[in-house]
Every structure is written in C-alpha cells, then in structure tokens.
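What follows is a short report on a single structure.
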Amino acid sequence: MGAIFSVEEFSTFDGPGIRMTVFMKGCPLRCMWCHNPEGQSFHSQYVRSQNGCLHCGACLAAGGGILTADSISVCPQNLIRLCGTEISPEAMIQEIEGKLWMLNASGGGVTFSGGEPLAQPDFLMSCLDMLEGKTHRAIQTSGFASKEIFAEALKRCEYVLYDLKLMDSELHKKYTGVDNRCILENYRTLATSGKPFITRIPLIPCVNDTLDNITQTAQFMSQLGVTKVELLPYNKAAGAKYKMLGREYITDFDPSVPPQSHTEVFEHYGIGVKIL
Amino acid sequence: MTERVQRMKRLLLDREYRKERSEEILDFSGDIDAQTDYGIFTAYMQKTLENEKPLFYGDDIFGFNRSYAHSAICEDNGQPCFPSHIPCNNTPDYSLLMKPGLDRVMTELRQKPKNDFYDALIKVLELTLAFCDRYRQAALESGNQKLYDALSNVPRNSPTSFYEACLFQKIIIFILRVTKHEHITYGRFDQYMYPYFKADLDRGVSQEELFETLELYFLSINLDTDTYIGMQAGDNGQSMVLGGFDAAGNSVFNELSRMCMEASLELEVIDPKINLRVSKRTPDEHYRLGAQLTKKGLGFPQYCNDDVVVPGLIKLGYAPEDAIDYTVAACWEFIIPGKGLEAPNVTAMNFPLVVREVIDRHLMDSPDFATLMKHVEQGIIDKIEFLRARYNSLEKLRQHRWYRCSPIMSLMTQGCMESGKDFARFGSHYYNLGCHGAGISTAADSLAAVKKMIYDDQSIDKTTLLTALKNNFEGFAPLRNQLLACPKMGSDDDYVDAIAGQIMDYFAKNLNGKPNNIGGIWRAGTGSAMEYVRFGKVTPATPDGRMNGEPLACSFSPTLQAKPKGPLSTIRSFTKFDLSNIINGGPLTMELHSNVFRNTDGEEKVASLVKLFVLSGGHQLQLNTLNRQQLLDAQEHPEKYPNLVVRVWGWSGYFRELDPEYQNHILQRTQFMV
Ligand code: SF4
C-alpha cells in the first residue's frame, strides 16, 4: 500500500505534455520553506481550511479537542477533510488508466511527486512497473534515498525532475534536516546515466540564492556536463497551507525578500536557465 | 499594431468619446400612427434615422456609431408598440445584400408585385440609402475622405475591397441596431468576407494593410458595446464563428480566419467573441492559436466540434449542406445563418427543480431507484409538455414577444424575397425552437446522492432526507456533509455520470423532433443562459447538498458543490454521452488559472487539453482564464467558488482554502486583461 495526498490531472510544471501527478505522502526532509507541509508526514491528517470558518468550535468539540472523522461530519461549512489516502498500486493504476490515452495523446504521462516518492519504494516501483510501456513515467525527487533505491527507480522511468537545494552539507542539514551526501551522489548517477532529466532549484531568499551556493551548484552541474536548470523563485504563499494543519510557518529567513536568480552564473558555466 | 490602431484603441479604452453621444431618450409615442408591424417598423426606423447624427471618432474609418446611447421609446396606451430585442439571437446572410448591393436588390424588388411586404423592404432600403447619403456628405465635411469615397460605392453597389465590405456590414449592423434588433451575430465572417479579402490580396494589397483594416474594424464594432441591451455588459451577441469544414471534410480555415484570431489576440477587447469550429482533423497549430487567445482571459475562443455538431443537426432534420454551414447564435446555440428564424433559447428546463419535485412527491413510494427514475422521466415529460404548450403557436410566441416581422432581416434571409413572406412568417426554411437544459449536473448529483444513501447504502431513511431538504439542511449539517461527499459529475465517476446520461436521454427522446406548430420542431440542449442563477434562486435545497437558492452550474458543467478531480476527469464526465443527440448548444465550461500560462509550455498544454476534449466527443467547450474580478468575488464569497484552483509556485490549492493574505498575494501577482 502507498500513502498519497492528492492526484493532479493537469500539472503544467511537472514534465512534458499533459501529466497526471501523484503526490505521495511522507518525506524524510523537513525543508524550512516547504510549501506542501501535508506531504511531510506519512500518516493521514485532518485538515481544516480557514476561509468561511464560523469559529463555532463544533469541529473540535466533536473530536474532543482534536480534529477527527466526527469533525468532518459536524462542520456546517464542510471545511474539514482528511488529507491522505492509503491506496494499493493496483487501485492507483486503475484510477489513472482511463485517462492514459489522453496523457499519451498530448505527449505527456504520469509523474510521481510528493512528499518524497523514493521514501515509499515498494509502492513506487510497483506503480512504475505497471505503467511500463503504457505511458511516459517521471519522478520528481529530492534525491534523498539509498543508491540502490535510486537506481531501481531510475531504471523504471523515462524522466527525472531532480531538486538541488544546497551544496554546503552543514547548511543543508540546517535547512532540510538531512545531510546532502547521498543527494549529490545520486545526482552524479543521474547525470551520467544518459536518462533525460531536469535539475530544479527552489530559490530561497538568503538561504540558497547566495552567490556562493549558486556558484558551487553551477560548478558541480557543469562538471557533470549538465546544460540546463530550472529555477523556482520562492513564493510568499509557500506558508499558506500550514494553518490548515494547525501548524505555524516559521522561517529564519525573511519570506518577503525576493530571491536572486544569478542567471549569469549559470550561463557562465554554460547552463541554460529557465525560471518557472 | 500600427500607430493608427494604437490611437484608436486608446480612444476606445479611455471611453471619453462616449460623451459625444446623447443620453437623451427620445419618445416617439403618439408620433407613429401606423398600425401594422411593417408600418410601425418603417415609421420608427425613419424617425430614428432622422435623429441620428453622424459621429466620427478619432481615426475611425467606419463610422455608423450610434449618436444616442438609448433607443427611442414608442408606446401605445402605455404598451411598447415597438419593443426591443425582437427578433434577436440570429445570424443573417449578409451576402444577400452585400453581393448584389442595395441598388440591384431594389431593382429586383420593384419588379415584385406590390404588397405590404415588398413595400416595407423597399422602404427600408430607401431609408438606408438616404441615411448613407447624408452620412457621406458629413464624412466629406469632416474631412473623412476615405469614408466618403467608400460611401460613393457601398452600400449601393457590391464592395470592391475588403474595407468596403466591412463598411457595408457596419452599415447593416447599424440599421439593425437602430431598429432594435439585438444579439444579431457576425456568423461565419471568415467565409462570406473571404472573397473580398482574397481579391485585395490578389490585387497586391499587403497583408499589413489588410490587417490594419481588420483591426480598425474590430475596434469600431466595440465602440457601441455599452449601448447594447444585455444581461451583463458585453452580453451583446457580437460573436463570430471561424473555421469549419466543407462537405468533403476539408478545413475552410483560411488566411482571414487566422488574421481574425491574430487581431483578437493583439487587440484584447471584448468583441467580436470568437468561436472556433474544430474537429478531429484540426491541426495542432489552430489549437495553439486558440490557447494563446484563452490566455488573454477574455473567455474566448469557444470551441465547437464539427464531428458532433454537424451529425447532430442532420439528425434533427437539417439538410447536410446547411448543417455544415452552422454558426452559433449570440451565446452558443447552433443555428444556420440566413435560413429562417430559429428561437433556440425560447425556453429552458430546470432539471434540479423537476428532480426536487419528484423526490418530494415520489421518494416515499419508490421502492427502488429504477422506480424513482421512472418518475423522473415522467416529471421531465410533464415539464416538456408544459413548456411546449406555452409556445406552441405563432400567437403564443407573439405573446411572449417572439417572432416579430422584420423587413431588414427578411432581406438577409434566404427564400423571403422569392416567397414574398417575412422571415418571421415562414418565408424561409428553418423554424425550430430550442429548449435549454439547465442544471443537468445538479440534477444528476442529486439523484446519485439519493441512489447511494437511500437505496444502495441505506445509510439514511427517506423521511430524514425529506425533512432535511424541507429545512434547507438547517440542523442537518452531518447529513449535508455526507451528501456533499457523494459522487459528483466532473470526477469521471460512472455512478453519477450514467444518471446524467439518463436524464439527457429522457429530455432528448421526449423533446427532439416534436412539432412546434409553426412548421418546425423542438430541439433539446445543454445550455443554461442566465438561468443558472435565476433557476437557482427559485429551486429549493437539493440532495446533492446545494442549499435553497444557490446557483446551478453554468451550462453543461460540474456544480459549485462538486470538487472535480481535474480537467481530464471533467472532460470524461461530460463526454460519456452521444452529445449529437442533444445539440441545441451549451458548453462545458472550465476555468483555468492564469498561472497555467506562466510560460509557453502552458499554451501548448491548454491546446492539448482542447484537442483531447474534441477527440473525446465533446460538442462545445468554453475555457476561462480566471480574472481579477472573479478572484475578488471569490474572496468575498468563498462559498461560491469552492473549486477555484490556484496554482502558486509549485503547488496547487483551492482558493478558498488559502488565508486571505495569500489570496491577496495571488491577486497582486496575477496579470489580467480587461
Ligand atoms: S466546525 Fe467548521 S465552521 Fe465551525 S469552527 Fe470548525 S471548521 Fe470552523
């Protein structure tokens, strides 16, 4: 079984053509800027949207102080929902199957994203296997996985969207909670595998948009012969979903500062930049 | 855009020119002593034209803009004897006047026997020509040489250039407007205008010059948009259909079609509203052009699928050569230009109300869902008969202000000159009436919820549901939440989509082809016009979780209560039926966030989406790129937009689920065209 939190049908930024993107639930990283906080936990969570809330308290009363299935039922505004579904690979594929011809006709396919898809390797591999030969398969990953798992996933897809966040391992640990050694290692594997891929860098103001980090990243990429990168400038709205989860969005950087893209550095290293 | 076009666009958008018009409302009551329809028509036309003053705005080379913002009143004993909006929602055959020119038409008319009808036609032409002569003089005096020269030829004679052809049409539209015809559309502009366009090209007129003429023409037809009588500003019927296929299946999308798309793309103004005829054979490039236009957020092009529409019209009895010539009436109803007077929007069926009434009356005594559906069919049949009875004679249609005679429309309707009968008195071919089918999704979702909770799962009892509905769910929040969680159209769920199919089948089977007593038949459709709000207001709570008075979905679309899985599922949900059986018109409407278009990939993907809709057998599609207005409204009334998806950076969410500060943020980021 796999844990997912949403399936999108028209994700325009997750690979070529019209794609269905499966957002898998659970991630070993804890990026400070994470804009999909509901993708972090591997477990289902009750979420409450804020708009339209009457602050009547019925939801919490029904759940004895927390949100439960009963909260969904009693909310007069229908604002509570359960985020996260347990699903078998077979059921997952069944949901996609009817639309495969549409994806294929547009030159698109299926993207597994998250959360971190590599954190649920059994489910991921089964799904990818079942889609083999049927459509164009992609994964969107932080690269944080064992060498073996990464290699297995790589074999089973046609395209990879790979995040590079920070080159400095200390800073990486500070801002994402994990060491970047295996991420850089897997990136090397990817870059030399001959598999089509795209590198993506979320640009976070004063965290990884520094000249230092960008230069190191560009150097690292160019050494591996990588010639293109996509930058995703940090957006203030990244924290929007935290309240729904009853969490606070805390950053040690100033979210209102627009990030620098340093395109000239990439270009200096022969890397073409596309800003998303 | 040339400088001239830029100046003209600025003039249009700053709206200052409107001050030159008079706001006075003329009153002709008592001045018109005519008794017959034609007598009133020509007398009213004469008086109006006498009052109209030629107005030349800036670089406008077309003129024929209204000098009064409002139409004159004309009452008899407090009753309007020349009401507006009749006839409306129609497309004439402009070429019937344009090809020969008015002089030749006049000569022909003079050889006809003398009677009221031909007299009225002659009178209309005379008044038009006299007015044009006055206009021509004014053009000369105001130094508008180009217009003066052109008016020396048209509308007396056939146009000798594309510019003259456009001017000819502008004159006709002006005459139609001052005689209170509303929502008369441009139809297949790229087809009937093509000979003039092509002749110019062959004579060596440059593409650039033709493009400038076209852009100036498009701008000129926007000058009076605020004087139209519509449900909303912009609801003026100035729609245009481009492309299509001939009998052999070859595309007739030509250089002019492309130029119209490009002009629309560059001008970003509300008119003309572009409809694009497409099919399996449409090249990807046309879809891309369409997507670029969608990106502008103007709400067009709307797409019509020839693969479904043409066979559908043939099934309704249209001759194949007419069916392939279809165009759309002001909004979306499929009609044949210049071949009759069809009233495809004469009335509308409120499906959710029928369903609610059937549930109130028959839920208790329906032991199974099939029995309930039998009652639904009977409910639909009863409603059909009720609606038909309201309109099933010329007399009744006249009572409802339809089917007024019009000499000017008769001049542009095939067969009228020959038969000597008005286009509204059956001098032409097609006299069909259409009935919209509003709220199909609400009706299907409601029945699906009943099927699931009462019959399949038996999770609630009938009395509870009936009580909850009666109380508008007050005190029944948990039940309502359960109903909201039942299958809804838009998520590719056969459970509910099959019910929608049944409803449409009942509707089509019992209405299509039924005689209407004016020599035509009835047609069933999937549209709602403005009824989605009006019907919503009068329809009490429905078992899909909708509360008293909440609006229905616009036309053929998921309800506001549904959370569709996405555009692919929505397309699938709404194309599972043979839509050629229910072809009065009415589009699947989908909203795209403008973020979809953040880079050029977006255009490509939207183009693919439309193509998939066509390949899936959809009949008509309206794509909206969300605009600022709607987002602001969504902020104030989040409950109205539960499905509004916004894509911000790398993620998507429901707009209503975002905190206000983030909503504001999106509002600030999004670029919209007005
Ligand atoms: S029950 Fe609904 S409306 Fe009431 S406080 Fe909870 S979320 Fe808000």
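Every read-out reported here was derived from the displayed coordinates using simple, explicitly stated rules and does not represent laboratory data. Since we're looking at a predicted model, the values are computed, not measured. Cβ coordinates were reconstructed from backbone atoms using ideal geometry, including for glycine residues, and neighbour counts include every protein chain displayed.
Of note:
- Pairs of C-alpha atoms in region B:3-332 farther apart than 33 Å represent 27 percent of all such pairs.
- If R0 equals 45 Å, the separation of the Cβ atoms of residue A:60 and residue B:378 corresponds to a calculated FRET efficiency of about 0.45.
- Contact order, relative form, for region B:1-139: 26 percent (alpha carbon pairs under 8 Å, 6 or more residues apart, mean separation divided by residue count).
- Working note: Debye formula, equal point scatterers on the alpha-carbon atoms of the protein assembly as shown, no solvent; log10 I(q)/I(0) at q = 0.04, 0.06, 0.09 Å⁻¹ is -0.22, -0.49, -1.02.
- Region B:496-610: proportion of alpha-carbon pairs further apart than 17 angstrom, %: 66
- Each Lys or Arg adds one and each Asp or Glu takes one away; over the other residues whose Cβ falls under 12 Å from the Cβ of residue B:585, this sums to -1.
- Where labels lie 7 Å past Cα in the beta-carbon direction, separation of residue A:147 and residue B:636 in nm: 6.3
- Only Lys, Arg (+1) and Asp, Glu (-1) charged, at Cβ; chain B dipole about Cα centre in debye: 660
- Restricting the trypsin sites (Lys or Arg not before Pro) of region B:123-229 to loop positions (DSSP other than H, G, I, E, B) with no more than 11 neighbouring Cβ atoms within 10 Å leaves B:203.
- FRET efficiency for residue A:101 and residue B:457, using Cβ-Cβ distance with R0 set to 35 Å, rounded to 0.05: 0.60
- Taking amide H as placed 1.01 Å from N in the peptide plane, residue B:436 has its amide H under 5 Å from the amide H of B:347, B:348, B:349, each at least 5 places away in sequence or on another chain.
- With 32 Å as the limit on Cα-Cα distance, the pairs of A:147/B:565; B:19/B:180; A:241/B:488; B:296/B:514 that go past it are A:147/B:565; B:296/B:514.
- The modelled label-to-label distance between residue A:91 and residue B:401, using points 7 Å beyond Cα along the C-beta direction, is 5.5 nm.
- Residues in region B:437-471 reached by a label modelled at residue B:548 [backbone nitrogen below 12 Å; 7 Å Cα→Cβ]: B:469-471
- For region B:560-613, the set of GluC sites (Glu not before Pro) satisfying both a DSSP loop assignment and a count of at most 14 other C-beta atoms within 10 Å is empty.
- Among B:240, A:133, B:153 - extreme Cα towards positive end, dipole of the protein assembly as shown, charges at beta-carbon: A:133
- Centre separation in Å (Cα based) which lies between region B:419-449 and region B:128-200: 33
- Under the combined filter of DSSP loop state and at most 13 neighbouring Cβ atoms within 10 Å, region B:1-95 retains these trypsin sites (Lys or Arg not before Pro): B:15.
- Diffusion coefficient of chain A by Stokes-Einstein, Kirkwood radius over Cα pairs, 20 °C, 1.002 mPa s: 108 µm²/s.
- Here residue A:155 and residue A:215 are evaluated by their C-beta separation; at R0 = 45 Å the FRET efficiency comes out at 0.85.
- Sequence of B:286, A:43, B:619, B:429 once ranked by neighbouring C-beta atoms within 10 Å, starting from the fewest: A:43, B:429, B:286, B:619
- Principal semi-axes in Å for chain B [√(5λ), Cα gyration tensor, largest first]: 44, 30, 23
- Screening chain B for DSSP H helices whose Cα atoms reach 30 Å or more along their own axis and whose mean Kyte hydropathy is at least -1.0 gives B:116-141, B:369-391.
- Amide H contacts of residue B:624: B:590, B:591, B:592, each under 5 Å away and 5 or more positions distant or on a separate chain (H built 1.01 Å from N in the peptide plane; Pro and chain starts excluded).
- P(r), alpha carbons of region A:47-193 - 10 Å bins starting at zero, rounded %: 10, 28, 22, 25, 14, 1
- Note on residue B:421: lysines with a C-alpha under 18 Å away, same-chain residues under 8 apart excluded, are B:112, B:114, B:123, B:339.
- Charge tally around residue B:262: other residues with Cβ under 11 Å, Lys/Arg +1 each, Asp/Glu -1 each, net -2.
- Estimated distance in nm for a label pair at residue B:284 and residue A:173, the labels positioned 7 Å out from Cα along Cα-to-Cβ: 4.9
- Along its first, second and third principal axes, ordered by size, region A:207-265 spans 44, 19, 14 Å in Cα coordinates.
- Near the amide H of residue A:113, within less than 5 Å, lie the amide hydrogens of A:22, A:23, A:24, A:140, all on another chain or at least 5 residues away, with H placed in the peptide plane.
- Where the alpha-carbon atoms of region B:343-566 are placed on the principal axes, they occupy 67, 34, 30 Å, in descending order.
- Charge context of residue B:283, other residues only, Cβ under 12 angstrom, K/R +1, D/E -1: +3
- Rg(Cα)/(2.2 N^0.38 Å) for region A:178-249, N = residue count: 1.36
- Averaged over the residues of A:103-112, the number of partner chain Cβ atoms lying within 10 Å of the residue Cβ comes to 2.
- Among A:129, B:59, the ranking by other beta carbons within 10 Å of each residue's beta carbon, starting with the fewest, stands as A:129, B:59.
- Extension gain from residue B:146 to residue B:206, taking 0.36 nm per residue of separation minus the Cα-Cα distance: 19.8 nm
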